[in-house]
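In what follows, a structure is listed as structure tokens, so that the remarks can point back to it.
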Amino acid sequence: MMIQIENLYRTFHHGGNEVPVLKDINLNIKKGECVVLTGVSGSGKTTLLSLIAGLDKPSSGKVLIEGEPISKLPDLFASELRAKKIGMIFQHFNLFEHLTVNENVTVPLIPSGLKMKEIQTKVDAALNLANIRHKKETQAGRLSGGEKQRTAIARALVADPNIILCDEPTANLDRDNSLLFIEIVKELHSLGKTIVIATHDPLFDNLDFNSTIIPMLDGKIVEEFNDE
Amino acid sequence: MMNEVFLSNQVIVFLLSESTLFSLLFIAFVVSFKILLKWDFESFTPYQFTLERQAYLVSTIIYFVFIMKFILIVYFIFTIDVLSLLVPGAMCAAGVITANDYGSYLLILKLTILFFLTLWFYVHYYDMRTKNHLWFKQKSLLFSSIFLMILLELILDFSYFSHIDTQIPVNCCSTLFGQLEGANPLPFGLSINMLLILFYLLYALMILTIKSSQTLLYIIANILFVYIAYYAVVYFFGTYVYQLPTHKCPFCMMQAEYFYIGYVLWGSLFLATYMGISNALTTLLMGKNHTRSQINVAYLLSLFVLLCTAYVAVYYIKNGVLL
């Protein structure tokens, strides 16, 4: 199993009140599976992604990545695991606007200790896969929304992670770019990547490849069904 | 009765800083005690996750306070040096530190605490590099011991500064540091020449054993070196800093007229000793060894020895004679 989630709870404390955001989440995601978490704003999708990525710690419960409890790992190890196994794509792209596309995609490999030549080979491969190589010398701040998203995809792929987590990836894209994004997801899926997408975009409701849609409401998984 | 020393600006700033840091440590101590009792890293319960969050916060507080303690020792020396203007007979911090019975104990305690802080940094470093916080309990116990020492230090801080009498003259420098007629102030009845030979031999021994498996030998050499180095600086190298054969003081060299070189000399010596022994102890007790730290220790020791030697060499080149 690539991702295992057991009895996961996450509660935030706000103004002296307890706000439960995730309640008893249990989920198993197999290697190469594509899972789409759907639900309205506030249903807990992004919090769940953060916990899978080890960016946040749960209030209780387990998150295991290939058997490794990322929810218990100290920051140093969680960062290491994230750098090797997880690529993230965000709603607002989170690019360095003053850096070029090439530089943005290079950033995750800087701590790897690889030689610049090796890094550039990997960066070029990721740029090709995300179909943005033709813009590699352009500053990120000068790109369109779709191009920024493709740069973010290249950055997520450059370390060749097994897991890709996408948080509302099409929220800032028009329909054409959203469809283009889905095509890239399809390609990643065919490469055997495990993909988890948190979205409320209806375009993901009828993907033309094998995927599992998991609706969420008020911090709980409502039901689970496969579109096949 | 409050005296003018106790109410001087530097002393107020120093005591206020020490008290603030102690308050932070007190909170950390109470929380860490609770964590220590209930800690079970294998558990996935809400309570354990809460403890882990608190442990992270406590470690951050302790880390911050301990870094500040290193800065505060420098400010402590600076403060008592400034106070020498108020205490009759004192020419530098040396006179002020002996103005009452608390001073010497306080200084020794401060230096001891700094050693244990360095050791805590090493244990913390290794603990943060294990997936299951393997050294968490040892680290917490070490912190508890340090906390008690810091509590004693705070009491001594207040006792010391509130008992400096500005009406009673103190002894300073040459009178204090073994210049009594006929007495040999050097350890083991050594002559200056033998002291210097031992100084350089111990330095060589430490550099040679720093990366060897002779950990115990390295620790002994380290302790011996800091002891011998103290006397070598005060009774030989220091006289070249002051360019006066009768001026034998460990504190005056920390004044502006000597370009604060004392801070660099003593700082490099003590930091190298603390780091060297801490690294060796973690090697012995935890089976861990930090190569980069060993290299830094070698650099610090070499800086100390080079600086000491340079003062003598420069004086000789300038004047053609030794003191």
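The values are calculated or read from the model by the stated rules, or taken from the named source; none is laboratory data. A quick note: this is a predicted structure, and the numbers were derived from the prediction, not measured. Quick reminder, even Gly has a Cβ in these numbers, built from the backbone with ideal geometry, and neighbours come from all protein chains shown. Note: accessible area is taken over every heavy atom of the protein model, side chains too, but ligands, DNA and RNA are not part of it. Shrake-Rupley method; radii C 1.70, N 1.55, O 1.52, S 1.80 Å.
Put simply, of A:63, A:35, A:40 the only residue that is part of a strand (DSSP E or B) and within 18 Å of residue A:168 (Cα to Cα) is A:35. Take the conditions (1) in contact with a Cys (Cβ under 8 Å, 6 or more places away or on another chain); (2) within 18 Å of residue B:137 (Cβ to Cβ); (3) of a type in the set (Asp, Glu); residue B:52 misses just one of them, which is (1). Going through (1) more than 12 Å from chain B (Cβ to nearest Cβ); (2) outside any loop (DSSP other than H, G, I, E, B); (3) in contact (Cβ under 8 Å) with a residue 40 or more places away in the chain; (4) more than 21 Å from residue A:185 (Cα to Cα) one by one, residue A:12 falls short only on (3).
Do you know which residues across region B:257-303 are in a loop (DSSP other than H, G, I, E, B) and of a type in the set (A, V, I, L, M, F, W, C)?
Result: B:259, single match.
Summed over region B:16-44, the residues that are surrounded by 13 or more Cβ atoms within 10 Å (Cβ to Cβ), without any contact (Cβ under 8 Å) to a residue 40 or more places away in the chain and within 14 Å of chain A (Cβ to nearest Cβ) give a count of 2.
The residues listed here are A:78, A:125; of these, the one that is touching a Gly at 6+ places or on another chain (Cβ under 9 Å) and either on the phi < 0 side of the Ramachandran plot or more than 14 Å from chain B (Cβ to nearest Cβ) (or both) is A:78. Against the list (1) under 24 Å from residue B:72 (Cβ atoms); (2) open to solvent by 10 Å² or more (accessible area, probe 1.4 Å), the condition residue B:265 fails is (2). When region B:124-141 is limited to residues that are part of a helix (DSSP H, G or I) and open to solvent by 30 Å² or more (accessible area, probe 1.4 Å), the one that is farthest from the other protein chains (Cβ to nearest Cβ) turns out to be B:141.
Residues checked against (1) of a type in the set (A, V, I, L, M, F, W, C); (2) in contact (Cβ under 8 Å) with a residue 24 or more places away in the chain:
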position: B:236; (1), (2): yes, yes
position: B:250; (1), (2): no, yes
position: B:289; (1), (2): no, no
position: B:292; (1), (2): no, no
position: B:302; (1), (2): no, yes
position: B:305; (1), (2): yes, yes
position: B:317; (1), (2): yes, no
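Quick one: which residue in A:52, A:25 is assigned to a helix (DSSP H, G or I), in contact with a strand residue (DSSP E or B) (Cβ under 7 Å, 6 or more places away or on another chain) and either surrounded by 22 or more Cβ atoms within 10 Å (Cβ to Cβ) or within 13 Å of chain B (Cβ to nearest Cβ) (or both)?
A:52
Per-residue answers, yes or no, for (1) of a type in the set (Val, Ile, Thr); (2) within 25 Å of residue B:114 (Cβ to Cβ); (3) modelled with pLDDT under 95; (4) not in a loop (DSSP other than H, G, I, E, B):
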| position | (1), (2), (3), (4) |
| --- | --- |
| B:5 | yes, yes, yes, no |
| B:20 | yes, yes, no, yes |
| B:29 | no, yes, yes, yes |
| B:47 | no, no, yes, yes |
| B:53 | no, no, yes, yes |
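Taking region A:63-75 as the region of interest, how many residues are under 19 Å from the mean Cα position of the chain (by Cα) and at the interface with chain B (Cβ under 7 Å from one of its Cβ atoms)? Final tally of qualifying residues: 0. In region A:207-226, the condition of being over 18 Å from residue A:93 (Cβ atoms), among the β-branched types (Val, Ile, Thr) and modelled with pLDDT under 90 is met by at least one residue. Out of contact with any Pro (no Cβ under 7 Å at 6 or more places or on another chain) and part of a loop (DSSP other than H, G, I, E, B): is that true of residue A:96 in this structure? Taking the combined requirement at face value, the residue satisfies it. Somewhere in region B:93-101, is a residue assigned to a helix (DSSP H, G or I), open to solvent by 80 Å² or more (accessible area, probe 1.4 Å) and under 23 Å from residue B:152 (Cβ atoms)? Among the residues of region B:93-101, not one is assigned to a helix (DSSP H, G or I), open to solvent by 80 Å² or more (accessible area, probe 1.4 Å) and under 23 Å from residue B:152 (Cβ atoms), which makes the answer no. Within region A:185-212, restricting attention to residues that are part of a loop (DSSP other than H, G, I, E, B) and hydrophobic (A, V, I, L, M, F, W, C), which residue is most open to solvent (accessible area, probe 1.4 Å)? So, considering only residues that are part of a loop (DSSP other than H, G, I, E, B) and hydrophobic (A, V, I, L, M, F, W, C), the one most open to solvent (accessible area, probe 1.4 Å) is A:191.
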